[in-house]
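The values are calculated or read from the model by the stated rules, or taken from the named source; none is laboratory data. Being a predicted model, the structure only gives us computed values, none of them experimental. Cβ placement follows ideal geometry from the backbone for every residue including glycine, while neighbour counts extend to all protein chains displayed. Just so you know, the surface numbers come from the protein's heavy atoms only, side chains and all, with ligands and any DNA or RNA stripped out. Shrake-Rupley method; radii C 1.70, N 1.55, O 1.52, S 1.80 Å.
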Amino acid sequence: MALLTAEWRRLHAARRKRLMEMVGTEAIVVLAAAPERVRSRDTLYPYRQDSNFLYLTGFLEPDAVLALVPGRRHGEVILFCRERDREREGWDGPRLGPERAGAALGVDDAYPISDIDDILPGLMEGRARAYYPLGLDAGFDLKLIGWVNRMRGRGDGRAPQEFLQLGHLLDEMRLFKTEPELRLLQRAVDITIDAHRAAMGAAPGATHEYVLQAELEREFRRNDAQPAYASIVGAGANACILHYGANASRVRAGELVLIDAGAEYRGYAADITRTFPANGRFTREQRALHDLVCAAQDAALAQARPGVAFTAMHEAAVRTLSEGLLRLGLLKGRLEDVVADETCKRFYPHKTGHWLGLDVHDVGEYRIDGASRLLEPGMVFTVEPGLYVPADAVDVAAKWRGIGIRIEDDVVVTRGGHRVLSAALERSAEEVETLMARA
């Protein structure tokens, strides 16, 4: 497992140390692993670890709790986890167990999760503040509040007097990616590129959207990855539904297919969108809008460099799209008025990008003190302009109706500008048609 190598143990330890320095020696940090979720009756959804827990430990098992106790002489990093159990491991797979957790994860102490009621309250004694993601796991919220109430009920003035949200501290840390993280992100992107190419190649013979979804996700699993989110495969007017998820309609020659899909590799998510003709050739109108979205993405990427406001990318994309829609006759008026009035929102209702990392819509503030955040090296985000002309837009010429296009790439800010992690995937109309003709 990549996140349990010596390199990653050092990285997790450095993250925990930095977090403890931020909260100080009067505080304790408590973080629970994600609970397992019931899918139906006695079957569970595939387990996905809480991203913050993964960020600090690399540990993939449920029923675990991490406690960080800055300045504690007998060890600052304590993990509670499931004990080894031969019978249960025969059903569910191997467990790390407290005996092996110290060496595997680089923690100071590891105890059975069954002992947490006896040990964790003692770790909280004398700590003025507790940092904890309150509201994320209602079951563990009740346990934690119960421990504190019992301490206070005994007249113990050494119980934490203040609970603070942990999220904003970890959000800032997670926003800036290290080289080991960028390697995993790049691997997730590379797998996703192969998956998109497989789907494009299969499109001329595909009967339904789910056939293309199967091509995508086969590539994910073939490369030891899984979907980072529910894959969107929208043919025809379905491409105009931003979060389309049925993936069950027929794929017809002459329609465009929009695929928004990304692989998750070792916890890190890719997020890429391409739009292509089902039969391998764009019509004149499809090509015109596709070229316009490409131009908008180029305009946004030109703003992707240190010191530039995050919103500058969206503003550049909107201006380019507005100018093009005026030229093509889908909008009317003066360019400056159209931009000021946000008239483009009718055909482009979403923003141009979002942070990317352990979550596909990753954590991190977009605004600071009311102003758009400035880009800095190590930030990773998507750039994803689009155009969507509803099939029922009766005031628009029929030739444009039902066309939905989005082009999305994954980008990291560098010291000298930016790098498009997904640059290898065919994007322009010429590149897409050539790829599909070869397939």
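The single condition from (1) open to solvent by 50 Å² or more (accessible area, probe 1.4 Å); (2) within 24 Å of PRO377 (Cβ to Cβ); (3) in contact (Cβ under 8 Å) with a residue 24 or more places away in the chain that GLU181 fails is (1). The C-beta contact set for segment 222-235 (first residue under 13 Å from ALA269 (Cα atoms), second residue in a loop (DSSP other than H, G, I, E, B) and of a type in the set (Asp, Glu), distance under 7 angstrom, 6+ apart or interchain) comprises ALA228/ASP271. Listed by position, the strands (runs of 3 or more DSSP E) inside segment 1-119 whose residues that are touching a residue at least 40 places away in the same chain (Cβ under 8 Å) and open to solvent by less than 20 Å² (accessible area, probe 1.4 Å) number at least 3 are 27-32, 65-68, 77-81. Of all residues in segment 371-398, those satisfying the criterion of being over 20 Å from the mean Cα position of the chain (by Cα) and either open to solvent by less than 60 Å² (accessible area, probe 1.4 Å) or among the acidic types (Asp, Glu) (or both) are ALA371, SER372, LEU387, TYR388, VAL389, PRO390, ASP392, ALA393, ASP395, VAL396, ALA397. When segment 346-373 is filtered for residues that are touching a strand residue (DSSP E or B) at 6+ places or on another chain (Cβ under 6 Å) and not in a loop (DSSP other than H, G, I, E, B), the ones remaining, listed by number, are TRP355, SER372. Here MET173 does not qualify as within 21 Å of ILE113 (Cβ to Cβ) and open to solvent by less than 90 Å² (accessible area, probe 1.4 Å). Among the residues of segment 329-345, none is identified as open to solvent by 80 Å² or more (accessible area, probe 1.4 Å), touching a residue at least 12 places away in the same chain (Cβ under 8 Å) and part of a helix (DSSP H, G or I). Taking the criterion of being in a helix (DSSP H, G or I), open to solvent by 30 Å² or more (accessible area, probe 1.4 Å) and closer than 23 Å to ILE193 by Cα, the residues of segment 275-292 that qualify are ARG287, ASP291. What tally of residues in segment 193-219 results from selecting those that are surrounded by 16 or more Cβ atoms within 10 Å (Cβ to Cβ) and either in contact with a Cys (Cβ under 8 Å, 6 or more places away or on another chain) or basic (Lys, Arg) (or both)? Adding up the residues that qualify gives 1. Residue check: ALA391 meets all listed conditions (1) farther than 22 Å from LEU256 by Cα; (2) aliphatic (A, V, I, L, M); (3) in a loop (DSSP other than H, G, I, E, B) but one, namely (1). Restricted to segment 122-139, and to residues there that are open to solvent by 20 Å² or more (accessible area, probe 1.4 Å) and in a helix (DSSP H, G or I), the residue that is nearest to ARG82 (Cα to Cα) is GLY139. Applying the condition of being in contact with a Leu (Cβ under 8 Å, 6 or more places away or on another chain) and open to solvent by 10 Å² or more (accessible area, probe 1.4 Å) to segment 293-318 and asking which residue is nearest to ALA239 (Cα to Cα) yields PHE310.
Every listed requirement among (1) surrounded by 16 or more Cβ atoms within 10 Å (Cβ to Cβ); (2) assigned to a loop (DSSP other than H, G, I, E, B) is met by ALA246 save one, (1).
Considering every residue within segment 369-388, establish whether at least one is out of contact with any Cys (no Cβ under 9 Å at 6 or more places or on another chain), free of Cβ contacts under 8 Å to residues at least 12 places away in the same chain and over 25 Å from ILE241 (Cα atoms). There is at least one residue in segment 369-388 that is out of contact with any Cys (no Cβ under 9 Å at 6 or more places or on another chain), free of Cβ contacts under 8 Å to residues at least 12 places away in the same chain and over 25 Å from ILE241 (Cα atoms). Residues in segment 249-265 that are in a loop (DSSP other than H, G, I, E, B), over 20 Å from the mean Cα position of the chain (by Cα) and of a type outside the set (S, T, N, Q): VAL251, ARG252, ALA253, GLY254, GLU255. The residue of segment 189-209 that is nearest to the chain's Cα centre (by Cα), among those that are closer than 16 Å to PRO277 by Cα and free of Cβ contacts under 8 Å to residues at least 40 places away in the same chain, is ALA198. Of the residues ALA270, ALA278, ALA263, the single one that is touching a residue at least 60 places away in the same chain (Cβ under 8 Å) and touching a Phe, Trp or Tyr at 6+ places or on another chain (Cβ under 6 Å) is ALA263. Filtered by the rule that a residue be touching a strand residue (DSSP E or B) at 6+ places or on another chain (Cβ under 7 Å), part of a strand (DSSP E or B) and open to solvent by less than 80 Å² (accessible area, probe 1.4 Å), segment 412-439 gives VAL412, VAL413, HIS418, VAL420.
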